[in-house]
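Please read the structure below before turning to the comments.
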Amino acid sequence: MFLSSPSPLRTKKTQAIGIPIIDLSLDTATLSHHIITACQDYGFFKLVNHGVPIQVISKMEEAVQGFFSKPSSEKVKVKANPPSPFGYGCRNIGFNGDVGELEYILLQANSLSTCSDNFSVVANQPTNFRCAVEDYIQAVKELTCELLEILALGLSLPDTNVFSRLIQDVDSDSCFRVNHYPGIKPESNQPKSDHRIGFGEHSDPQIFTILRSNDVPGLQISTVDGLWIPVTTEPTDFCVFVGDTLEVLTNGRFKSVRHRVMANKSIKSRMSMMYFAAPSLNEWISPIPQLIYPGNLRLYKSFTWNEYKKAAYSLRLGRIDGCRKGEV
Ligand SMILES: C=C1C[C@]23C[C@@]1(O)CC[C@H]2[C@@]12CC[C@H](O)[C@@](C)(C(=O)O1)[C@H]2[C@@H]3C(=O)O
Ligand SMILES: O=C(O)CCC(=O)C(=O)O
Ligand SMILES: [Fe+2]
(Lines give C-alpha, C1' and ligand atoms only; values in the text may rest on other atoms or scores of the structure.)
(Ligands and ions follow the chains in the order given, each with its own letter.)
Protein backbone atom coordinates (compact mmCIF):
# COMPACT_ATOMS: atom_id res chain seq x y z
CA MET A 1 0.00 0.00 0.00
CA PHE A 2 1.40 3.46 -0.90
CA LEU A 3 0.98 5.45 2.28
CA SER A 4 1.94 9.08 2.64
CA SER A 5 2.22 8.53 6.39
CA PRO A 6 2.75 5.38 8.50
CA SER A 7 0.05 2.77 8.16
CA PRO A 8 -3.07 3.79 10.13
CA LEU A 9 -3.25 1.83 13.34
CA ARG A 10 -6.09 -0.60 13.26
CA THR A 11 -8.15 -0.01 16.38
CA LYS A 12 -7.78 -2.87 18.83
CA LYS A 13 -11.47 -3.10 19.52
CA THR A 14 -12.71 -6.47 20.61
CA GLN A 15 -15.56 -7.51 18.43
CA ALA A 16 -18.05 -10.26 18.60
CA ILE A 17 -16.85 -12.77 16.04
CA GLY A 18 -19.71 -13.12 13.69
CA ILE A 19 -19.06 -12.65 10.02
CA PRO A 20 -21.62 -10.16 8.65
CA ILE A 21 -24.30 -11.66 6.43
CA ILE A 22 -26.01 -9.15 4.18
CA ASP A 23 -29.39 -9.74 2.60
CA LEU A 24 -29.56 -7.84 -0.69
CA SER A 25 -33.36 -7.95 -0.69
CA LEU A 26 -33.54 -5.47 2.23
CA ASP A 27 -34.47 -1.83 1.64
CA THR A 28 -31.65 0.40 0.39
CA ALA A 29 -31.27 2.50 3.56
CA THR A 30 -30.90 -0.55 5.84
CA LEU A 31 -28.71 -2.27 3.27
CA SER A 32 -26.27 0.61 2.86
CA HIS A 33 -25.94 0.91 6.63
CA HIS A 34 -25.18 -2.83 6.99
CA ILE A 35 -22.73 -2.89 4.08
CA ILE A 36 -20.85 0.17 5.34
CA THR A 37 -20.55 -1.31 8.83
CA ALA A 38 -19.29 -4.62 7.42
CA CYS A 39 -16.73 -2.88 5.17
CA GLN A 40 -15.47 -0.79 8.12
CA ASP A 41 -15.33 -3.58 10.70
CA TYR A 42 -14.29 -6.59 8.60
CA GLY A 43 -13.64 -5.50 5.01
CA PHE A 44 -15.70 -8.56 4.26
CA PHE A 45 -19.28 -9.88 4.22
CA LYS A 46 -21.33 -12.78 3.00
CA LEU A 47 -24.11 -11.91 0.57
CA VAL A 48 -27.45 -13.73 0.37
CA ASN A 49 -30.52 -13.14 -1.82
CA HIS A 50 -28.22 -11.52 -4.34
CA GLY A 51 -30.41 -12.15 -7.38
CA VAL A 52 -27.80 -13.93 -9.55
CA PRO A 53 -29.74 -16.86 -11.04
CA ILE A 54 -28.71 -20.27 -9.74
CA GLN A 55 -28.52 -21.59 -13.33
CA VAL A 56 -25.83 -19.01 -14.14
CA ILE A 57 -23.80 -20.25 -11.16
CA SER A 58 -24.29 -23.96 -11.82
CA LYS A 59 -23.50 -23.69 -15.55
CA MET A 60 -20.28 -21.93 -14.61
CA GLU A 61 -19.45 -24.64 -12.06
CA GLU A 62 -20.03 -27.40 -14.63
CA ALA A 63 -17.91 -25.63 -17.25
CA VAL A 64 -14.88 -25.27 -15.01
CA GLN A 65 -15.30 -28.75 -13.53
CA GLY A 66 -15.09 -30.01 -17.10
CA PHE A 67 -11.89 -28.05 -17.61
CA PHE A 68 -10.13 -29.16 -14.42
CA SER A 69 -11.05 -32.82 -14.93
CA LYS A 70 -9.04 -32.92 -18.18
CA PRO A 71 -5.62 -34.60 -18.10
CA SER A 72 -2.69 -32.27 -17.30
CA SER A 73 -1.34 -32.70 -20.82
CA GLU A 74 -4.50 -30.97 -22.10
CA LYS A 75 -4.59 -28.24 -19.47
CA VAL A 76 -0.96 -27.18 -19.96
CA LYS A 77 -1.77 -26.41 -23.60
CA VAL A 78 -3.42 -23.21 -22.33
CA LYS A 79 -0.79 -22.50 -19.69
CA ALA A 80 -0.09 -18.85 -18.86
CA ASN A 81 2.63 -17.50 -21.08
CA PRO A 82 4.70 -15.06 -18.96
CA PRO A 83 4.79 -12.10 -18.77
CA SER A 84 1.03 -12.53 -19.39
CA PRO A 85 -0.46 -13.98 -16.18
CA PHE A 86 -3.60 -15.15 -18.01
CA GLY A 87 -4.28 -18.79 -18.71
CA TYR A 88 -3.89 -22.01 -16.76
CA GLY A 89 -1.47 -22.19 -13.82
CA CYS A 90 -0.47 -24.98 -11.53
CA ARG A 91 1.08 -24.75 -8.06
CA ASN A 92 2.47 -21.32 -8.85
CA ILE A 93 0.31 -18.58 -7.46
CA GLY A 94 2.08 -15.37 -8.36
CA PHE A 95 4.71 -14.02 -10.75
CA ASN A 96 7.29 -14.52 -8.03
CA GLY A 97 6.75 -18.24 -7.92
CA ASP A 98 4.83 -18.55 -4.65
CA VAL A 99 3.70 -22.13 -4.47
CA GLY A 100 0.35 -23.38 -3.28
CA GLU A 101 -1.56 -26.60 -3.50
CA LEU A 102 -3.82 -25.52 -6.29
CA GLU A 103 -4.34 -25.15 -9.99
CA TYR A 104 -6.19 -22.21 -11.50
CA ILE A 105 -7.40 -20.38 -14.57
CA LEU A 106 -6.98 -16.61 -14.73
CA LEU A 107 -8.87 -14.63 -17.38
CA GLN A 108 -9.14 -10.97 -18.30
CA ALA A 109 -12.81 -10.29 -17.44
CA ASN A 110 -13.42 -7.42 -19.82
CA SER A 111 -14.31 -8.44 -23.38
CA LEU A 112 -13.72 -12.09 -22.56
CA SER A 113 -13.71 -13.55 -26.03
CA THR A 114 -12.03 -10.69 -27.90
CA CYS A 115 -9.19 -10.11 -25.48
CA SER A 116 -5.98 -11.59 -26.90
CA ASP A 117 -4.75 -12.54 -23.40
CA ASN A 118 -7.64 -15.01 -23.06
CA PHE A 119 -7.50 -16.31 -26.57
CA SER A 120 -5.74 -19.62 -26.00
CA VAL A 121 -7.99 -20.59 -23.06
CA VAL A 122 -11.33 -19.58 -24.53
CA ALA A 123 -10.64 -20.78 -28.08
CA ASN A 124 -9.61 -24.25 -26.85
CA GLN A 125 -12.82 -24.93 -24.88
CA PRO A 126 -16.28 -25.94 -26.04
CA THR A 127 -18.61 -23.01 -26.86
CA ASN A 128 -20.65 -23.63 -23.71
CA PHE A 129 -17.52 -22.82 -21.65
CA ARG A 130 -17.29 -19.33 -23.18
CA CYS A 131 -21.06 -18.73 -22.76
CA ALA A 132 -21.03 -19.90 -19.14
CA VAL A 133 -18.07 -17.66 -18.25
CA GLU A 134 -19.50 -14.66 -20.13
CA ASP A 135 -22.90 -14.95 -18.45
CA TYR A 136 -21.36 -15.42 -15.02
CA ILE A 137 -18.99 -12.46 -15.37
CA GLN A 138 -21.79 -10.23 -16.66
CA ALA A 139 -24.01 -11.16 -13.69
CA VAL A 140 -21.35 -10.61 -11.02
CA LYS A 141 -20.19 -7.39 -12.66
CA GLU A 142 -23.75 -6.01 -12.44
CA LEU A 143 -23.97 -7.18 -8.84
CA THR A 144 -20.65 -5.47 -8.02
CA CYS A 145 -21.86 -2.19 -9.56
CA GLU A 146 -25.07 -2.40 -7.54
CA LEU A 147 -23.12 -2.90 -4.31
CA LEU A 148 -20.72 -0.07 -5.11
CA GLU A 149 -23.60 2.31 -5.86
CA ILE A 150 -25.31 1.40 -2.57
CA LEU A 151 -22.00 2.12 -0.80
CA ALA A 152 -21.61 5.53 -2.46
CA LEU A 153 -25.19 6.39 -1.50
CA GLY A 154 -24.61 5.32 2.11
CA LEU A 155 -21.45 7.45 2.26
CA SER A 156 -23.54 10.43 1.03
CA LEU A 157 -21.23 10.94 -1.95
CA PRO A 158 -22.68 13.35 -4.53
CA ASP A 159 -21.84 10.99 -7.42
CA THR A 160 -23.26 7.53 -6.71
CA ASN A 161 -21.34 6.12 -9.69
CA VAL A 162 -18.00 7.25 -8.34
CA PHE A 163 -16.85 3.64 -7.70
CA SER A 164 -18.95 1.70 -10.21
CA ARG A 165 -17.81 3.78 -13.21
CA LEU A 166 -14.27 2.51 -12.58
CA ILE A 167 -15.25 -1.06 -13.39
CA GLN A 168 -17.69 -0.07 -16.14
CA ASP A 169 -14.80 1.55 -18.00
CA VAL A 170 -14.30 -0.27 -21.33
CA ASP A 171 -10.62 -0.65 -20.42
CA SER A 172 -11.28 -1.95 -16.91
CA ASP A 173 -8.55 -4.36 -15.80
CA SER A 174 -10.98 -6.62 -13.90
CA CYS A 175 -10.08 -10.29 -13.94
CA PHE A 176 -11.75 -13.58 -13.24
CA ARG A 177 -10.07 -16.52 -11.57
CA VAL A 178 -11.10 -20.06 -10.76
CA ASN A 179 -9.05 -21.93 -8.16
CA HIS A 180 -9.12 -25.70 -7.84
CA TYR A 181 -7.62 -27.17 -4.67
CA PRO A 182 -7.32 -30.90 -5.24
CA GLY A 183 -8.74 -33.24 -2.61
CA ILE A 184 -6.61 -35.72 -0.71
CA LYS A 185 -6.44 -39.06 -2.46
CA PRO A 186 -7.84 -41.61 0.04
CA GLU A 187 -5.02 -44.08 -0.55
CA SER A 188 -2.21 -41.48 -0.51
CA ASN A 189 0.41 -41.07 2.22
CA GLN A 190 0.24 -37.29 1.85
CA PRO A 191 1.43 -35.62 5.11
CA LYS A 192 -1.61 -34.44 7.08
CA SER A 193 0.14 -31.27 8.35
CA ASP A 194 -2.27 -28.53 9.42
CA HIS A 195 -0.03 -25.86 7.94
CA ARG A 196 0.10 -26.63 4.25
CA ILE A 197 -0.46 -23.68 1.94
CA GLY A 198 -3.54 -23.47 -0.21
CA PHE A 199 -3.31 -19.76 -0.98
CA GLY A 200 -1.02 -17.73 1.30
CA GLU A 201 -2.07 -14.69 3.32
CA HIS A 202 -2.74 -11.56 1.24
CA SER A 203 -5.23 -8.80 0.55
CA ASP A 204 -6.62 -8.40 -2.95
CA PRO A 205 -5.16 -5.34 -4.67
CA GLN A 206 -8.35 -4.49 -6.62
CA ILE A 207 -11.56 -2.63 -5.57
CA PHE A 208 -13.92 -5.46 -4.65
CA THR A 209 -13.72 -9.25 -4.98
CA ILE A 210 -16.84 -11.37 -5.36
CA LEU A 211 -16.15 -15.01 -4.44
CA ARG A 212 -18.31 -18.07 -4.79
CA SER A 213 -17.10 -21.51 -3.75
CA ASN A 214 -18.41 -25.03 -3.41
CA ASP A 215 -19.02 -26.43 0.08
CA VAL A 216 -15.41 -27.52 0.75
CA PRO A 217 -13.95 -25.26 3.47
CA GLY A 218 -10.51 -23.68 3.68
CA LEU A 219 -11.03 -19.90 3.37
CA GLN A 220 -10.09 -17.83 6.42
CA ILE A 221 -10.19 -14.08 6.99
CA SER A 222 -8.21 -12.04 9.48
CA THR A 223 -10.07 -9.72 11.87
CA VAL A 224 -8.73 -6.28 12.84
CA ASP A 225 -7.34 -7.99 15.95
CA GLY A 226 -5.31 -10.36 13.79
CA LEU A 227 -7.44 -13.38 14.60
CA TRP A 228 -7.98 -15.88 11.78
CA ILE A 229 -11.58 -16.97 11.39
CA PRO A 230 -12.80 -19.72 9.08
CA VAL A 231 -15.48 -18.78 6.58
CA THR A 232 -18.05 -21.38 5.72
CA THR A 233 -19.98 -20.80 2.54
CA GLU A 234 -23.10 -22.00 0.84
CA PRO A 235 -22.54 -22.73 -2.86
CA THR A 236 -25.44 -20.40 -3.69
CA ASP A 237 -24.08 -17.39 -1.75
CA PHE A 238 -21.25 -14.96 -2.38
CA CYS A 239 -18.47 -13.54 -0.25
CA VAL A 240 -17.45 -9.93 -0.82
CA PHE A 241 -13.92 -8.67 -0.02
CA VAL A 242 -12.80 -5.04 0.21
CA GLY A 243 -9.60 -4.69 -1.84
CA ASP A 244 -6.67 -2.31 -1.30
CA THR A 245 -7.92 0.12 -3.96
CA LEU A 246 -11.27 0.63 -2.19
CA GLU A 247 -9.37 1.17 1.07
CA VAL A 248 -7.46 4.01 -0.61
CA LEU A 249 -10.54 5.49 -2.35
CA THR A 250 -12.34 5.65 1.02
CA ASN A 251 -9.25 7.15 2.69
CA GLY A 252 -8.94 4.15 5.01
CA ARG A 253 -12.57 4.15 6.15
CA PHE A 254 -12.94 0.66 4.70
CA LYS A 255 -10.14 -1.83 5.32
CA SER A 256 -8.98 -4.35 2.78
CA VAL A 257 -9.28 -7.77 4.35
CA ARG A 258 -6.34 -10.16 4.70
CA HIS A 259 -7.32 -13.69 3.85
CA ARG A 260 -5.84 -17.09 3.04
CA VAL A 261 -6.86 -20.59 2.11
CA MET A 262 -5.62 -23.55 4.14
CA ALA A 263 -4.82 -26.57 2.03
CA ASN A 264 -7.68 -28.88 1.44
CA LYS A 265 -8.09 -31.62 4.03
CA SER A 266 -11.04 -33.38 2.45
CA ILE A 267 -11.30 -35.95 -0.31
CA LYS A 268 -13.56 -33.66 -2.31
CA SER A 269 -11.73 -30.83 -4.07
CA ARG A 270 -12.42 -27.17 -3.30
CA MET A 271 -13.38 -24.97 -6.20
CA SER A 272 -13.70 -21.21 -5.86
CA MET A 273 -14.38 -18.54 -8.47
CA MET A 274 -13.52 -14.90 -8.01
CA TYR A 275 -14.38 -11.76 -9.93
CA PHE A 276 -11.79 -9.07 -9.12
CA ALA A 277 -13.28 -5.67 -9.94
CA ALA A 278 -10.53 -3.28 -11.01
CA PRO A 279 -10.16 0.12 -12.72
CA SER A 280 -8.33 0.61 -16.01
CA LEU A 281 -4.53 0.44 -15.83
CA ASN A 282 -4.08 4.19 -16.34
CA GLU A 283 -6.75 5.27 -13.82
CA TRP A 284 -5.46 7.50 -11.01
CA ILE A 285 -6.43 6.24 -7.56
CA SER A 286 -6.72 8.83 -4.77
CA PRO A 287 -8.89 9.22 -1.68
CA ILE A 288 -12.26 10.73 -2.57
CA PRO A 289 -12.19 14.44 -1.55
CA GLN A 290 -15.45 14.18 0.45
CA LEU A 291 -13.76 11.60 2.70
CA ILE A 292 -10.91 13.97 3.61
CA TYR A 293 -11.84 16.57 6.22
CA PRO A 294 -10.48 18.07 9.44
CA GLY A 295 -10.00 15.19 11.86
CA ASN A 296 -9.78 12.72 8.96
CA LEU A 297 -6.60 13.67 7.15
CA ARG A 298 -5.53 12.25 3.83
CA LEU A 299 -3.73 8.93 4.39
CA TYR A 300 -2.70 7.87 0.89
CA LYS A 301 -0.76 9.28 -2.03
CA SER A 302 -2.21 9.16 -5.55
CA PHE A 303 -1.03 6.40 -7.88
CA THR A 304 -2.20 4.70 -11.02
CA TRP A 305 -3.74 1.24 -10.81
CA ASN A 306 -0.89 0.02 -13.03
CA GLU A 307 1.70 1.30 -10.54
CA TYR A 308 -0.08 -0.28 -7.61
CA LYS A 309 -0.64 -3.57 -9.37
CA LYS A 310 3.06 -3.86 -10.25
CA ALA A 311 4.02 -3.15 -6.64
CA ALA A 312 1.49 -5.66 -5.30
CA TYR A 313 2.60 -8.37 -7.71
CA SER A 314 6.23 -7.93 -6.68
CA LEU A 315 5.40 -9.04 -3.13
CA ARG A 316 5.50 -12.59 -1.95
CA LEU A 317 2.46 -14.11 -0.33
CA GLY A 318 2.49 -14.48 3.47
CA ARG A 319 3.16 -18.08 4.40
CA ILE A 320 1.02 -20.17 6.66
CA ASP A 321 3.84 -22.33 7.95
CA GLY A 322 5.38 -19.68 10.20
CA CYS A 323 7.94 -18.15 7.76
CA ARG A 324 7.97 -14.37 7.83
CA LYS A 325 6.66 -12.44 4.83
CA GLY A 326 9.56 -11.93 2.43
CA GLU A 327 11.23 -15.25 3.19
CA VAL A 328 11.28 -18.05 0.70
C1 LIG B 1 1.85 -13.20 -4.82
C2 LIG B 1 0.81 -12.62 -5.33
C3 LIG B 1 -0.26 -13.33 -6.11
C4 LIG B 1 -1.15 -12.21 -6.54
C5 LIG B 1 -0.19 -11.05 -6.66
C6 LIG B 1 0.57 -11.18 -5.34
O7 LIG B 1 1.78 -10.49 -5.29
C8 LIG B 1 -0.30 -10.67 -4.19
C9 LIG B 1 -1.77 -10.66 -4.58
C10 LIG B 1 -2.17 -11.88 -5.41
C11 LIG B 1 -3.46 -11.64 -6.17
C12 LIG B 1 -4.71 -11.89 -5.32
C13 LIG B 1 -5.92 -11.58 -6.18
C14 LIG B 1 -5.85 -12.28 -7.54
O15 LIG B 1 -5.95 -13.68 -7.35
C16 LIG B 1 -4.49 -11.98 -8.21
C17 LIG B 1 -4.50 -12.43 -9.66
C18 LIG B 1 -4.18 -10.53 -8.02
O19 LIG B 1 -4.49 -9.62 -8.75
O20 LIG B 1 -3.52 -10.34 -6.82
C21 LIG B 1 -3.41 -12.57 -7.34
C22 LIG B 1 -1.97 -12.42 -7.82
C23 LIG B 1 -1.53 -13.62 -8.64
O24 LIG B 1 -1.98 -14.74 -8.44
O25 LIG B 1 -0.65 -13.45 -9.48
O1 LIG C 1 -9.64 -19.71 -3.49
C2 LIG C 1 -10.12 -19.02 -2.60
O3 LIG C 1 -11.03 -19.41 -1.88
C4 LIG C 1 -9.58 -17.61 -2.38
C5 LIG C 1 -8.44 -17.30 -3.31
C6 LIG C 1 -7.98 -15.90 -3.25
O7 LIG C 1 -7.98 -15.28 -2.22
C8 LIG C 1 -7.53 -15.23 -4.48
O9 LIG C 1 -7.48 -15.88 -5.56
O10 LIG C 1 -7.21 -14.04 -4.40
FE1 LIG D 1 -7.60 -13.17 -2.53
Using a 1.4 angstrom probe on heavy atoms only, work out the carbon and sulfur share of the accessible area of the chain in %. 54
Accessible area of ARG91 in the full protein assembly, 1.4 Å probe (Å², nearest 10): 120
The Kirkwood hydrodynamic radius of the stretch 2-279, taken as the inverse of the mean 1/r over all distinct Cα pairs, in Å, comes to 19.5
State which entries of LYS77/LYS309; LYS185/LYS268; LYS70/LYS265; LYS59/LYS265 exceed 18 angstrom in Cα-Cα distance in the structure shown. LYS77/LYS309; LYS70/LYS265; LYS59/LYS265
Equivalent-ellipsoid semi-axes of the stretch 210-328, from the Cα gyration tensor, Å, largest first: 30, 17, 15
Principal-axis tilt of helix 28-41 within the chain, Cα atoms, nearest 10 degrees: 80
Expected vector for the stretch 127-139, Karplus 3J(HN,Hα) from phi with 6.51, -1.76, 1.60 and θ = phi - 60°, integer Hz, x for Gly and Pro, equals 4, 5, 5, 4, 5, 4, 5, 4, 5, 5, 4, 4, 5
Total charge of the residues flanking THR114 in space, meaning their Cβ is under 14 Å from its Cβ, with Lys and Arg +1 and Asp and Glu -1, is -2
accessible surface per residue for the stretch 2-279, probe 1.4 Å, DNA/RNA/ligands not counted, whole Å² -> 43
Compare the peptides 44-57, 18-31 by average per-residue count of other Cβ atoms within 10 angstrom and give them in order, highest first. 44-57, 18-31
On C-alpha positions alone, give me the angle between the axis of helix 54-68 and the longest principal axis of the chain, in degrees, nearest 10. 50
Summed over the other residues with a beta carbon less than 11 angstrom from that of CYS90, with K and R at +1 and D and E at -1, the charge totals +1
Using the Cα gyration tensor of the stretch 46-97, with a ≥ b ≥ c the square roots of its eigenvalues, what is the shape: rounded (a/c below 1.5), prolate (a/b larger than b/c) or oblate (neither)? oblate
Using C-alpha positions alone, give me the convex hull volume of the stretch 122-185 per residue in cubic angstrom. 129
Less than 12 Å apart at the alpha-carbon level, and either on another chain or at least 8 residues along: which aspartates and glutamates does that give for LYS255? ASP41, ASP204, ASP244, GLU247
Within the chain, longest stretch free of exposed GluC sites (Glu not before Pro) [DSSP loop, at most 15 other beta carbons within 10 Å]: 1-186
For the chain, what is the calculated [θ] at 222 nm in deg cm²/dmol (nearest 500), taking -39500 (n - 2.57) for each run of four or more DSSP H residues and dividing by its residue count? -8000 deg cm²/dmol
Any aspartates and glutamates whose Cα falls less than 13 Å from that of LYS141, other than same-chain ones fewer than 8 residues away, would be GLU149, ASP169, ASP173
Keeping every protein chain in place, order SER116, SER256 by accessible area at 1.4 Å, biggest value first, i.e. largest first. SER116, SER256
In whole Å, what is the distance between the alpha-carbon centres of the stretch 233-285 and the stretch 59-119? 18
Proximal charge balance of ASN282 [Cβ under 15 Å; K/R count +1, D/E count -1]: -2
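The values are calculated or read from the model by the stated rules, or taken from the named source; none is laboratory data. On a predicted model such as this, the values are computed, not experimentally measured, just so you know. A quick note on method: Cβ atoms are made from the backbone with ideal geometry, for glycine too, and the neighbour counts reach across all protein chains shown. Please note that ligands, DNA and RNA were not included when accessible areas were found on the heavy atoms of the full protein model with its side chains. Shrake-Rupley method; radii C 1.70, N 1.55, O 1.52, S 1.80 Å.
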